[in-house]
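A.B. asks: I'd like to ask you about the structure that follows.
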Amino acid sequence: MDPSLYLDRDTWVHRLDPRTKMFLLIGAFVLAFIFLDPLYELVVLALVLIFGYMAKSLENLRRIWFILLAVGLLTLVLWSLVGGGRTPLFLFVELESVLYGLSIALRIDTTIIAGVIFLSTTRNEEVAIGLVKLGIPYRFAFAVTTALRLVPTIASTGFTISQAQRSRGLDLDSGNILQRTRKYVPLLVPVFVTTIRSTNVFSMALESKGFGAGGKRTFYLRTALGGRDVVVLVVFVVLLAASVALRVAGYGTLEGFSG
Amino acid sequence: MKEIFTMWRHTQMVVLVALSAAIYAAILIPFKGFPIIPGAVEIRPANVIPFVVGLLFGPAGAWGSAIGNLIGDFFGTLSPGSIGGFVGNFFLALLPYKLWGAYFRRDENSEPNMDSGKKLVVYIAIAVLASLVCSGIISWWVALLQIFPFVPVLILIVVNNAIMGVILGPILLRLIYPRVKRWGLLWTEIMEPEEVSASRLQSTGNILVWVGGVGAVVTGLILGTTGAAPAGLGIGLALLPFLILVVVGSFMLGGREQVEALEEEMAAEESRA
């Protein structure tokens with residue numbers, strides 16, 4: 001099992017400075033939250049998908065198609081049942097609540113896809129440098145990126161432990177979701193102990209290499225905001241401003257919905 | 001609460017943050033495929049981890065839970081809602097170690113190894129309260145963003161967290177605590193007393209956290225089901241005072257006494273030896 005989403009492709013999106021990609025990610029979140037009309041949300045989703053296509057990252061969506069589909073369907077159903085509106089559609093469901101559910105489903109899918117594109121185009125090391133250059137303390141950035149890097153290792157350890165337990169007769173594949181969940185419980189202790197046991201060795205290895213020695217840190221990987229970053233940022237800021245202006249002018253709203 | 005900042009001085013605590021986060025995320029990710037409310041709530045046996053790492057690693061566990069939940073979101077559900085998840089999971093692990101010390105006298109054995117009925121009862125009470133607070137924070141945030149209906153998210157997070165924490169937590173702590181103590185990785189062993197804030201009116205702080213946690217959920221349920229407050233900003237403003245109470249109470253609970261108690265216990269053991 002490899003949970004890492006990074007795709008090593010040679011695209012202009014991959015070559016952007018990590019700070020630019022972080023700004024684009026946050027900007028995509030903002031963009032998805034500006035409109036309430038499903039049609040406008042569809043346009044935002046299309047823009048994000050086009051960006052993902054240019055970044056050659058859309059293949060990762062196959063890994064989360066189930067989540068995206070479930071988001072679409074269940075959010076639509078939930079808001080249709082919980083929300084209210086003016087135009088009766090069927091039984092106690094109103095048209096506006098269905099449209100609102102559709103809009104929110106598209107909004108969540110858009111933000112999830114934007115997150116996947118960010119992780120498909122940004123390495124852990126770039127995330128760390130990006131965070132530090134944005135003013136986040138190095139030790140915090142180190143913890144985040146180390147955790148990101150360790151997830152596949154720990155997942156692999158869990159897989160090995162589960163294989164060992166299977167060989168002793170543990171059946172992890174049968175039963176409903178709750179029964180299967182319970183069967184994973186005996187795996188938690190060895191995974192936890194195996195991982196935490198390395199803390200002291202890990203700490204000594206870090207300190208022997210100067211972790212916490214003070215002074216300004218330098219990085220092997222160098223990143224800098226270049227002309228491409230500036231162009232992308234300017235285009236995106238204009239897009240955001242135009243979207244806000246449209247919303248202020250009364251476009252992209254949803255009349256008649258009551259939460 | 002100064003220990004949540006001073007802990008970053010210790011390399012061991014930094015490593016514990018990373019390892020706690022990685023464990024939490026590594027157990028969360030396989031269950032991304034079983035969402036209850038997609039993008040917000042899944043079946044999460046991993047939810048026992050914040051209680052355990054909170055009690056064992058203190059502030060490192062709190063940061064680890066927050067970061068682990070965020071990393072879990074990176075693998076399929078990253079959205080603006082993740083900010084609420086970060087803060088909610090931080091408190092899910094912060095409150096257990098903050099509150100734990102409020103229920104034991106200084107001369108009483110307060111090791112969270114679940115070897116007595118009192119410890120079990122205190123753990124269950126704390127796990128339920130931390131689940132209420134975590135749910136209150138996340139629901140409050142998603143209510144402000146209006147991305148999910150408030151009441152279902154509130155109920156599901158409370159139930160999901162509390163069940164996993166109450167059922168699995170005592171077993172894990174009983175099995176894991178002796179090993180962690182033997183390796184010298186308890187937060188009370190790594191941190192110095194002066195790096196941890198002392199409690200001020202601890203009992204009052206305890207009450208404030210309870211009032212804030214229970215109040216946020218009960219008020220949220222009443223407002224959400226009766227429609228007495230408009231969704232979004234209405235519910236958001238109504239719950240804000242309760243969440244502030246939780247934060248204020250957490251400041252008052254301190255934690256230095258737990259570090260000092262362990263130091264005294266270790267000194268006594270050395271003198272006996």
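The values are calculated or read from the model by the stated rules, or taken from the named source; none is laboratory data. Quantities reported herein were computed from a predicted structural model and do not represent experimental measurements. Virtual Cβ from ideal backbone geometry, glycine too; neighbours counted across all protein chains shown. Just so you know, the surface numbers come from the protein's heavy atoms only, side chains and all, with ligands and any DNA or RNA stripped out. Shrake-Rupley method; radii C 1.70, N 1.55, O 1.52, S 1.80 Å.
A.B. asks: Identify, by number, the condition in (1) modelled with pLDDT of 85 or more; (2) open to solvent by less than 50 Å² (accessible area, probe 1.4 Å) that A:F202 doesn't meet.
C.D. replies: Unmet for A:F202, out of (1) modelled with pLDDT of 85 or more; (2) open to solvent by less than 50 Å² (accessible area, probe 1.4 Å): (2).
A.B. asks: Residue by residue through region A:63-98, note down the ones that are in contact with an Asp or Glu (Cβ under 8 Å, 6 or more places away or on another chain) and aliphatic (A, V, I, L, M). Step through it out loud before you land on a result.
C.D. replies: So in region A:63-98, the residues in contact with an Asp or Glu (Cβ under 8 Å, 6 or more places away or on another chain) come out as A:68, A:71-72, A:83-88, A:96.
Across region A:63-98, the qualifying residues are A:L68, A:V71.
A.B. asks: For B:V142, which of the numbered conditions (1) buried (at least 19 other Cβ atoms within 10 Å of the Cβ); (2) more than 14 Å from chain A (Cβ to nearest Cβ) fails to hold?
C.D. replies: Against the list (1) buried (at least 19 other Cβ atoms within 10 Å of the Cβ); (2) more than 14 Å from chain A (Cβ to nearest Cβ), B:V142 comes up short only on (2).
A.B. asks: Have a look at A:A55, A:A114 and point out the one that is within 14 Å of chain B (Cβ to nearest Cβ), of a type in the set (G, A, S) and buried (at least 19 other Cβ atoms within 10 Å of the Cβ). Break it down stepwise before answering.
C.D. replies: Working: A:A55 fails: within 14 Å of chain B (Cβ to nearest Cβ).
After ruling out the rest, the residue left standing is A:A114.
A.B. asks: Take region B:169-187 and flag every residue that is assigned to a helix (DSSP H, G or I), touching a Phe, Trp or Tyr at 6+ places or on another chain (Cβ under 9 Å) and more than 10 Å from chain A (Cβ to nearest Cβ).
C.D. replies: Passing the criteria: B:G169, B:P170, B:L173, B:W187.
A.B. asks: With the checklist (1) within 14 Å of chain B (Cβ to nearest Cβ); (2) at positive phi; (3) open to solvent by 40 Å² or more (accessible area, probe 1.4 Å) in hand, flag the one item A:G215 doesn't pass.
C.D. replies: Unmet condition: (1).
A.B. asks: Moving to a separate point now. Output the number of the condition that A:L5 fails; it satisfies all remaining conditions of (1) part of a helix (DSSP H, G or I); (2) of a type outside the set (S, T, N, Q); (3) open to solvent by less than 20 Å² (accessible area, probe 1.4 Å); (4) modelled with pLDDT under 90.
C.D. replies: Result: A:L5 passes all but (1).
A.B. asks: Listed residues A:L68, A:L24, A:L31, A:L78; which is over 16 Å from the mean Cα position of the chain (by Cα) and assigned to a helix (DSSP H, G or I)?
C.D. replies: Working: A:L68 fails: over 16 Å from the mean Cα position of the chain (by Cα); A:L24 fails: over 16 Å from the mean Cα position of the chain (by Cα); A:L31 fails: over 16 Å from the mean Cα position of the chain (by Cα).
Going through A:L68, A:L24, A:L31, A:L78 in turn, just one is over 16 Å from the mean Cα position of the chain (by Cα) and assigned to a helix (DSSP H, G or I): A:L78.
A.B. asks: Say we look at region A:139-168 and pick out the residues that are more than 9 Å from every other protein chain (Cβ to nearest Cβ) and open to solvent by 60 Å² or more (accessible area, probe 1.4 Å); which of these is modelled with the lowest pLDDT?
C.D. replies: A:F159
A.B. asks: If you don't mind, another one. Looking only at residues that are at the interface with chain B (Cβ under 7 Å from one of its Cβ atoms) and over 27 Å from the mean Cα position of the chain (by Cα) in region A:186-196, which one is modelled with the lowest pLDDT? Give the derivation first.
C.D. replies: At the first step, the residues of region A:186-196 found to be at the interface with chain B (Cβ under 7 Å from one of its Cβ atoms) are A:188-189, A:191-193, A:195-196.
From the residues that got through so far, the ones that are over 27 Å from the mean Cα position of the chain (by Cα) too are A:189, A:193.
On the way: A:V189: 87, A:V193: 90.
Ranking the qualifying residues of region A:186-196, first place goes to A:V189.
A.B. asks: Could you say whether any residue in region A:223-235 is in a loop (DSSP other than H, G, I, E, B) and open to solvent by less than 70 Å² (accessible area, probe 1.4 Å)?
C.D. replies: Just the residues of region A:223-235 that are in a loop (DSSP other than H, G, I, E, B), to begin with: A:223-226.
When the remaining residues are screened for being open to solvent by less than 70 Å² (accessible area, probe 1.4 Å), the result is A:223, A:226.
Yes, because at least one residue in region A:223-235 is in a loop (DSSP other than H, G, I, E, B) and open to solvent by less than 70 Å² (accessible area, probe 1.4 Å).
A.B. asks: So, one more: Among the residues that make up region A:204-216, is at least one of them more than 30 Å from B:R182 (Cα to Cα) and aliphatic (A, V, I, L, M)?
C.D. replies: Checking region A:204-216: not a single residue is more than 30 Å from B:R182 (Cα to Cα) and aliphatic (A, V, I, L, M).
A.B. asks: Now, a different point. List pairs: first residue in region B:37-58 and within 15 Å of B:L168 (Cα to Cα) and open to solvent by 10 Å² or more (accessible area, probe 1.4 Å), second residue at pLDDT below 95 and β-branched (V, I, T) anywhere in the structure, Cβ distance under 8 angstrom, at least six positions apart or on different chains.
C.D. replies: Listed pairs, sorted by first residue: B:I43/A:I177; B:I43/A:T181; B:I43/B:I36.
A.B. asks: Scan region B:66-107 for residues that are more than 22 Å from B:V246 (Cα to Cα) and hydroxyl-bearing (S, T, Y) and jot them down.
C.D. replies: Within region B:66-107, B:T77, B:S79 qualify.
A.B. asks: Please give the number of the condition B:K119 fails out of (1) open to solvent by less than 20 Å² (accessible area, probe 1.4 Å); (2) touching a helix residue (DSSP H, G or I) at 6+ places or on another chain (Cβ under 6 Å).
C.D. replies: (2)
A.B. asks: Quick test for you: out of A:V98, A:V132, A:V127, A:V93, pick the one residue that is within 23 Å of the chain's Cα centre (by Cα) and either without any contact (Cβ under 8 Å) to a residue 40 or more places away in the chain or crowded, with 20+ Cβ neighbours inside 10 Å (or both). Write out each step before concluding.
C.D. replies: Values: A:V98 fails: within 23 Å of the chain's Cα centre (by Cα); A:V132 fails: either without any contact (Cβ under 8 Å) to a residue 40 or more places away in the chain or crowded, with 20+ Cβ neighbours inside 10 Å (or both); A:V93 fails: within 23 Å of the chain's Cα centre (by Cα).
Just one listed residue meets the conditions, A:V127.
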